[in-house]
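Heads up: the structure comes next, in structure tokens.
The values are calculated or read from the model by the stated rules, or taken from the named source; none is laboratory data. Treat the numbers as computed from the prediction; the structure is a model and nothing was measured. Cβ: placed from backbone, ideal geometry, glycine included. Neighbour counts: every protein chain shown. Ligands, DNA and RNA are excluded from the accessible area calculation, which covers all protein heavy atoms including side chains. Shrake-Rupley method; radii C 1.70, N 1.55, O 1.52, S 1.80 Å.
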Amino acid sequence: MRKLSKFIGNSDFYKMVLMIAVPIMIQNGITNFVSLLDNIMIGQVGTEQMSGVAIVNQLIFVYNLCIFGGVSGAGIFTAQYFGQGNHEGVRQTMRFKLWMVTMITTLTAVLFLGAGTALISSYLKGEGTPESIAATLFYGEQYLKIMLLGLPAFAMVQIYSSTLRECGQTILPMKAGIVAVCVNLLFNYILIYGKFGAPALGVQGAAIATVLSRYVEMLITVIGVHRKTKEYSFVAGLYRTLKVPKDLVLKIIKKGSPLLFNETLWAAGMAMLTQCYSVRGLNVVAGLNVSNTINNVFNIVFIALGDSVAIIVGQLLGAGKMKEARDTDNKLIAFSVMCCTCVAAVMFLMAPLFPRLYKINDEARLLGKYFIMATAVFMPQNAFLHATYFTLRSGGKTIITFLFDSVFIWCVSVVIAFILSRFTALPVIAVYVLVQLGDMIKCIIGFILVKKGVWLQNIVG
């Protein structure tokens, strides 16, 4: 029983965790639920349209995670500065984030404008008629050009939302996210299908709706923060200067560069995995898209609990409470795995039902079902890995997280997928499962690192 008590908290512990995690779950849940509805709406238009949008969203996912990695390095310092009560330190990390996202967004826009067609085409090497491949490329190009307009708004939201979360303030990002997804859903309906006298724009309408929602979310978040400087005192005087002290820049770059490279390479690795699966045909792309959309809705649980690890444990480390940080981390990891085991069971049962919502062919629908079932089986494993990753990151162990995450995906996961998809006749579902099984190696490494306590350090003391 004593051993079990290490992993089970009291009611006050779970209230504290849920106060942070639930608003993140609600925001991410609504966002992903509307993405799901968005995806279904596009899926009602046609398989080529849905596949074109899915490919572009995979590319934009790489950008999104680059932004996430860019702000996460500074975010380690934000959480610990806030734990110290150092508001000027929080302001300086926000300024650093502003410079970082500006650079990433500019480079991404240049890349997508210059090589967007080639990037989309790399997913169209599998089986399929020339007509369906050409149509998928055409719709993907249409979608990408409009989505580029929303990148600056997304970047600004991440600066503010990440800082608020690192300071334990999760309500405003949640409210902004709720309004944004409602705008997205409304304009999806109007512009995809041409309702209320608007033209039926298909994939272009979906892109316009998404861009509009990005700017709505940005305005609500930024204005909401600056209107309440007493509540969010760390933003008072934020733009009096954009200078960041040189010693802090060097510290953030030292700790944050591995995170930026990690998120970039990890996202690129995920895109490469999809490309490996896609050589088995366009139906695989459609089936994966169906699966990934519902997966994103269910994944909000372990994502929000992972964020809670970064926030709660990061603040305890900044305050120098090492013993409490270890105890809290054990309970958070156990809670995350337990919750996700229950969620996975529900997801597994829903697997045969969800693909029926799409107007796609039977093979794509069947593949979607099996991808969902496979992902559900491995969800508890992914919950453990996610919580372990954020534990190591909260203590500034970014080199380790770089090796643990992105180096692993390229050296193990991508290698498995590449070899099996191109040089064997294994069904694509079997390839997918074997790639997931490879992550058991990460589980063992993560368990050892967390248990040894290599992450127990205050980096702002």
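Which residue out of 77, 112, 68, 96 is open to solvent by 30 Å² or more (accessible area, probe 1.4 Å) and aromatic (Phe, Trp, Tyr)?
Only one candidate passes the filter, namely 68.
Exactly one of these conditions fails for residue 215: (1) under 30 Å from residue 313 (Cβ atoms); (2) of a type outside the set (A, V, I, L, M, F, W, C); (3) modelled with pLDDT of 90 or more. Give me its number.
Unmet condition: (1).
Restricting attention to segment 121-137, and to residues there that are touching a Gly at 6+ places or on another chain (Cβ under 7 Å), at pLDDT below 85 and open to solvent by less than 50 Å² (accessible area, probe 1.4 Å), which single residue is nearest to residue 285 (Cα to Cα)?
My answer is 126.
Note down all Cβ pairs under 7 Å where the first residue falls in segment 328-351 and is closer than 13 Å to residue 308 by Cβ, the second is open to solvent by 70 Å² or more (accessible area, probe 1.4 Å) and in a helix (DSSP H, G or I), and they're at least six residues apart or on different chains.
none
Is it fair to say residue 413 is open to solvent by less than 10 Å² (accessible area, probe 1.4 Å), in a helix (DSSP H, G or I), in contact with a Gly (Cβ under 7 Å, 6 or more places away or on another chain) and at pLDDT 90 or above?
Against the criterion (open to solvent by less than 10 Å² (accessible area, probe 1.4 Å), in a helix (DSSP H, G or I), in contact with a Gly (Cβ under 7 Å, 6 or more places away or on another chain) and at pLDDT 90 or above), residue 413 qualifies.
So which residues in segment 409-455 are of a type in the set (A, V, I, L, M, F, W, C) and more than 24 Å from residue 284 (Cα to Cα)?
440, 441, 443, 444, 445, 447, 448, 449, 450, 454, 455 - these are the residues of segment 409-455 that are of a type in the set (A, V, I, L, M, F, W, C) and more than 24 Å from residue 284 (Cα to Cα).
Return yes or no: is residue 422 within 26 Å of residue 132 (Cβ to Cβ) and surrounded by fewer than 20 Cβ atoms within 10 Å (Cβ to Cβ)?
yes
Restricting to segment 247-259, name every residue that is more than 9 Å from residue 398 (Cβ to Cβ) and surrounded by 17 or more Cβ atoms within 10 Å (Cβ to Cβ).
Across segment 247-259, the qualifying residues are 248, 249, 251, 252.
Return the pairs, sorted by first residue and then second, in which the second residue is open to solvent by less than 10 Å² (accessible area, probe 1.4 Å) and hydrophobic (A, V, I, L, M, F, W, C), the first residue lies in segment 281-293 and is without any contact (Cβ under 8 Å) to a residue 12 or more places away in the chain and over 16 Å from residue 271 (Cβ atoms), the beta carbons are less than 6 Å apart, and the residues are 6+ apart or on different chains.
From segment 281-293, no pairs qualify.
Mind listing just one residue for me: the one in segment 138-175 that is within 22 Å of residue 204 (Cα to Cα) and open to solvent by 40 Å² or more (accessible area, probe 1.4 Å) and, of those, nearest to the chain's Cα centre (by Cα)?
Start the filter on segment 138-175 by keeping residues that are within 22 Å of residue 204 (Cα to Cα), which leaves 138-155.
Still in the running and open to solvent by 40 Å² or more (accessible area, probe 1.4 Å): 138-139, 141-142, 145, 149, 152.
On the way: 138: 27, 139: 24, 141: 23, 142: 24, 145: 22, 149: 20, 152: 17 Å.
Filtering segment 138-175 for residues that are within 22 Å of residue 204 (Cα to Cα) and open to solvent by 40 Å² or more (accessible area, probe 1.4 Å), the one nearest to the chain's Cα centre (by Cα) comes out as 152.
Can you tell me which residues in segment 46-57 are in a helix (DSSP H, G or I) and either open to solvent by less than 30 Å² (accessible area, probe 1.4 Å) or aliphatic (A, V, I, L, M) (or both)?
Pass one, segment 46-57, residues in a helix (DSSP H, G or I): 47-57.
Matches in segment 46-57: 49, 50, 51, 52, 53, 54, 55, 56.
State whether one or more residues within segment 190-205 are farther than 30 Å from residue 425 by Cβ, open to solvent by less than 50 Å² (accessible area, probe 1.4 Å) and charged (D, E, K, R).
No - not one qualifying residue is present in segment 190-205.
Residues in segment 374-386: is at least one open to solvent by less than 10 Å² (accessible area, probe 1.4 Å), among the hydrophobic types (A, V, I, L, M, F, W, C) and more than 24 Å from the chain's Cα centre (by Cα)?
Among the residues of segment 374-386, not one is open to solvent by less than 10 Å² (accessible area, probe 1.4 Å), among the hydrophobic types (A, V, I, L, M, F, W, C) and more than 24 Å from the chain's Cα centre (by Cα), which makes the answer no.
Any idea which of 325, 364 is crowded, with 19+ Cβ neighbours inside 10 Å and closer than 21 Å to residue 140 by Cβ?
None of the others qualify; the one that does is 364.
Given the residues 108, 129, 163, which is the only one that is farther than 30 Å from residue 318 by Cα, β-branched (Val, Ile, Thr) and in contact (Cβ under 8 Å) with a residue 24 or more places away in the chain?
Just a single option satisfies the conditions, and that option is 108.
Quick check: is even one residue across segment 64-76 closer than 20 Å to residue 241 by Cβ, more than 16 Å from the chain's Cα centre (by Cα), modelled with pLDDT of 80 or more and among the hydrophobic types (A, V, I, L, M, F, W, C)? Spell out the reasoning first.
If we filter segment 64-76 for residues that are closer than 20 Å to residue 241 by Cβ, which is where we start, we get 71, 74.
Next, from what is left, pick out any that are more than 16 Å from the chain's Cα centre (by Cα): 74.
After this cut, where a residue has to be modelled with pLDDT of 80 or more as well, the list is 74.
In the following step, the residues that additionally are among the hydrophobic types (A, V, I, L, M, F, W, C) were identified as 74.
Taking every residue of segment 64-76 in turn, at least one turns out to be closer than 20 Å to residue 241 by Cβ, more than 16 Å from the chain's Cα centre (by Cα), modelled with pLDDT of 80 or more and among the hydrophobic types (A, V, I, L, M, F, W, C).
Can you go through 274, 293 and tell me which one is within 30 Å of residue 59 (Cβ to Cβ), surrounded by fewer than 23 Cβ atoms within 10 Å (Cβ to Cβ) and either in contact with a Ser or Thr (Cβ under 6 Å, 6 or more places away or on another chain) or not aliphatic (A, V, I, L, M) (or both)?
When all the criteria are applied, what remains is 274.
Any residue in segment 227-246 that is of a type in the set (A, V, I, L, M), more than 30 Å from residue 52 (Cβ to Cβ) and out of contact with any helix residue (DSSP H, G or I) (no Cβ under 9 Å at 6 or more places or on another chain)?
The answer is no, given that none of the residues of segment 227-246 is of a type in the set (A, V, I, L, M), more than 30 Å from residue 52 (Cβ to Cβ) and out of contact with any helix residue (DSSP H, G or I) (no Cβ under 9 Å at 6 or more places or on another chain).
List every residue pair whose Cβ atoms sit under 6 Å apart, with the two residues 6 or more apart in sequence or on different chains, where the first one lies in segment 227-253 and is at negative phi and the second, anywhere, is of a type in the set (A, V, I, L, M, F, W, C) and assigned to a loop (DSSP other than H, G, I, E, B).
229/236
Please go through segment 176-186 and pick out each residue that is buried (at least 20 other Cβ atoms within 10 Å of the Cβ) and either touching a Cys at 6+ places or on another chain (Cβ under 8 Å) or of a type outside the set (A, V, I, L, M) (or both). Even if it seems obvious, please write down each step before you answer.
To start, the set of residues in segment 176-186 that are buried (at least 20 other Cβ atoms within 10 Å of the Cβ) comprises 176-177, 180-181, 184.
Listed by number, the residues that qualify are 177, 184.
Scanning segment 270-329 for residues that are among the charged types (D, E, K, R) and in a helix (DSSP H, G or I), which turns out farthest from the chain's Cα centre (by Cα)?
This residue is 323.
Any idea which of 349, 385, 366, 434 is aliphatic (A, V, I, L, M), in a helix (DSSP H, G or I) and farther than 26 Å from residue 334 by Cα?
366
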